[in-house]
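Contents: one structure, followed by commentary.
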Amino acid sequence: MDKFAIQGGVPLEGEIAVSGAKNSALPALAACLLTSEAVTLDRIPPVRDIATMERLLEHAGARVVVDGERVTVQAAVIEHPEAPYDLVKTMRASSLVLGPLAARCGRARVSVPGGCAIGARPINLHVSALESLGATIHQEHGYIEARAPQGLKGGEVRFDRITVTGTEDLLMAAVLASGETVIHNAAREPEVVDLAALLIKMGARIEGAGTSVIRVTGVERLRGAEHRIIPDRIETGTFLAAGAITRGDLTVTGCEPEHLGAFLAKLREAGVEIAKPSATAIRVRVPGKLQSADVTTEEHPGFATDLQAQFMALMTQAEGISILTETIFENRFMHALELARMGANIRLDGRRALVAGATTLSGAEVIASDLRASASLVIAGLAAHGETLIDRVYHIDRGYEKIETKLAGVGARIRRIS
C-alpha cells in the first residue's frame with residue numbers, strides 16, 4: 001500500500017497545471033452509452049475512478065481507446081446493460097450509468113453504491129426521478145433494476161434536495177425520453193453544465209443547464225461528438241491552498257477562475273493575495289499573516305464541500321478562530337482528527353469544526369480516510385516541521401493525477417513510497 005513522505009517547510013513557487021475535472025469526465029464517459037457512434041473526449045484525467053468507469057463501459061460492450069488524456073468510446077452494441085459490484089465497488093459514481101442504460105436499452109441493472117466514509121449519498125433520488133419518466137424500479141440482492149420496455153417518457157421531476165449525480169443521471173435519461181422533461185431544483189455545478197454541453201453536441205435539446213430548472217426535449221437518437229472536459233476546480237482549489245499555506249508564490253494554470261468564486265472570496269478574506277495573470281491562471285501569495293475566516297459549505301455557487309478539508313488545513317495557520325460548517329455530508333470531518341495529530345487545535349461540534357490558530361504543525365504518521373481528506377493532509381504536511389507520512393494514498397489517486405509529481409515540480413519535498 002503506497003504512502004506519501006513529505007518534508008515540510010518549503011514555499012511552493014512557479015507554475016502548476018491542473019488536469020481535466022474527474023467529476024465532469026465521469027458523467028461524460030457514461031453519456032457515451034447513449035449513442036452507437038464514437039464519442040471522443042479530451043482532457044480525461046488518468047486517475048483510478050476514470051479507469052474504473054472505462055472498465056465498466058468495456059463490460060457493457062463498448063470499445064474504449066485511450067491515447068493519453070484523449071479517450072474515444074464507441075458503444076455500437078450494448079451487450080451487458082449493467083454495472084456489476086466487482087467492477088464498481090470502489091467508485092460512488094457507478095449510479096451515473098443507470099439513466100443512460102435505461103434510456104437506450106430499456107433496462108439497466110446497477111449495483112447499489114455501498115457505504116461512504118464521508119456520509120450518505122442516497123440513490124433514492126435517482127430512482128424516484130427515473131420512476132417519474134415511466135421506469136419500473138426493483139431493488140434486490142444489492143442491485144437496482146430499471147425497466148422501461150416501451151421507452152422512457154418525459155415528465156416533471158422535482159428533487160427534494162439538490163443532487164449533482166442525480167441531476168446528471170436524469171439529464172442523460174431524459175435526452176432519449178419521448179416528450180419534454182422539466183427538472184426542478186436541479187444542481188447548478190459547472191460539471192452539470194459541461195455534461196449538457198456534450199449532450200447538445202451529440203444532438204440533445206437542453207435548455208437551462210446551470211440554473212435550477214432544466215428543460216429537455218427528447219430526441220430519437222444521438223450522434224457521436226468530440227468534447228473537451230473542463231478544468232478540475234477542486235484540484236485548482238487544492239493547489240491554491242497549498243501555495244498559500246507554504247507562503248509561496250504559486251501560479252495555477254489551465255484552470256477556470258469563474259468556477260471558484262466562493263472559494264477565492266474566502267481566500268481573500270483570509271489574507272491571501274490573488275491575481276489573475278490570464279483568463280486561465282490564478283496566482284497566490286500571502287504578504288502578511290493569515291487571518292481566520294468562517295465557511296459554510298453549500299451547493300454551487302456556494303463554497304464547495306470538496307474544498308472544506310483543504311481550507312481547514314489552511315485555517316490551522318490563520319490567526320484567530322475559524323468556524324467551518326458542513327451542510328452537505330454529515331461525516332466529513334474525519335481529517336480533523338489526523339490534523340490534530342500534527343498539532344492542529346480543532347474542536348468538533350456536530351456539523352461544525354472550530355479551528356484555533358495559528359498553531360505549529362509537526363510531521364506525524366497520519367491516515368487518509370477519503371479523497372479530499374487526503375488532500376488536506378498533504379497540504380498540512382507541506383507546512384509542517386519534519387516529516388509527515390500519509391498512509392492509504394490510494395484515496396488521493398482516485399481523483400488527483402500524479403499529485404506528488406506536480407507538487408515536486410514547484411518545490412515540494414514529497415515522494416511516494418511503494
Problem - Among (1) in contact with a helix residue (DSSP H, G or I) (Cβ under 6 Å, 6 or more places away or on another chain); (2) touching a residue at least 40 places away in the same chain (Cβ under 8 Å), the one test that His80 misses - result: (2)
Practice task
Answer yes or no: is there a residue in segment 32-48 that is basic (Lys, Arg) and outside any strand (DSSP E or B).
Solution key: yes
Fill in the blank from the handout: Checked segment 49-89 for anything part of a loop (DSSP other than H, G, I, E, B) and either touching a strand residue (DSSP E or B) at 6+ places or on another chain (Cβ under 9 Å) or aliphatic (A, V, I, L, M) (or both); matches are Ala62, Glu69, Ala75, Ala76, Val77, Ile78, His80, Pro81, Pro84, Lys89
Exercise for the section: Starting from segment 94-111, take each residue that is assigned to a helix (DSSP H, G or I) and list its partners that are acidic (Asp, Glu) and surrounded by 24 or more Cβ atoms within 10 Å (Cβ to Cβ), counting only C-beta distances under 7 angstrom and pairs at least six apart or across chains. Expected result: Ser95/Asp169; Leu96/Glu168; Leu96/Asp169; Leu98/Asp169; Gly99/Asp169
Exercise for the section: Give segment 375-408 a look and list any residue that's part of a loop (DSSP other than H, G, I, E, B), over 14 Å from Ala5 (Cα atoms) and small (Gly, Ala, Ser), or say none. Expected result: Gly399
Exercise for the section: May I ask you to verify whether Thr165 is buried (at least 24 other Cβ atoms within 10 Å of the Cβ), over 20 Å from Ala309 (Cα atoms) and at pLDDT below 95? Expected result: yes
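For segment 273-291, does any single residue satisfy the condition of being in a helix (DSSP H, G or I), of a type outside the set (Asp, Glu), modelled with pLDDT of 95 or more and over 18 Å from Lys22 (Cα atoms)? Don't jump to the end; show me each part of the working.
Within segment 273-291, the first condition is being in a helix (DSSP H, G or I), and the residues that meet it are none.
No, segment 273-291 has no match at all.
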Completion exercise
Scanning segment 137-154 residue by residue, those surrounded by 13 or more Cβ atoms within 10 Å (Cβ to Cβ) and without any contact (Cβ under 8 Å) to a residue 12 or more places away in the chain turn out to be Ile137
Problem - Candidate set: segment 409-418, residues that are modelled with pLDDT of 95 or more, farther than 23 Å from Ala25 by Cβ and part of a loop (DSSP other than H, G, I, E, B); chosen: the one farthest from the chain's Cα centre (by Cα) - result: Gly411
Exercise for the section: Name every residue in segment 32-46 that is within 22 Å of Thr90 (Cβ to Cβ) and either buried (at least 22 other Cβ atoms within 10 Å of the Cβ) or touching a Ser or Thr at 6+ places or on another chain (Cβ under 7 Å) (or both), in order of residue number. Expected result: Cys32, Leu33, Leu41, Ile44, Pro45
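Would you mind listing the strands (runs of 3 or more DSSP E) fully within segment 300-368 where at least 1 residues are modelled with pLDDT under 95 and in contact with a strand residue (DSSP E or B) (Cβ under 7 Å, 6 or more places away or on another chain)? Spell out how you get there, then give the answer.
Working: elements: 320-325, 345-349, 352-357, 365-367.
Because the criterion is at least 1 residues that are modelled with pLDDT under 95 and in contact with a strand residue (DSSP E or B) (Cβ under 7 Å, 6 or more places away or on another chain), the strands (runs of 3 or more DSSP E) in segment 300-368 that meet it are 352-357, 365-367.
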Problem - Selection within segment 174-189 - buried (at least 22 other Cβ atoms within 10 Å of the Cβ), under 21 Å from the mean Cα position of the chain (by Cα) and touching a residue at least 40 places away in the same chain (Cβ under 8 Å) - result: Ala187, Glu189
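Can you confirm whether Arg372 is in a loop (DSSP other than H, G, I, E, B), of a type in the set (D, E, K, R) and out of contact with any Leu (no Cβ under 6 Å at 6 or more places or on another chain)?
Working: in a loop (DSSP other than H, G, I, E, B): no; of a type in the set (D, E, K, R): yes; out of contact with any Leu (no Cβ under 6 Å at 6 or more places or on another chain): yes.
No, not satisfied.
The values are calculated or read from the model by the stated rules, or taken from the named source; none is laboratory data. Fair warning: this is a prediction, and the values are worked out from it, not measured in the lab. Reconstructed Cβ throughout: ideal geometry from the backbone, glycine too, with neighbour counts over all protein chains shown.
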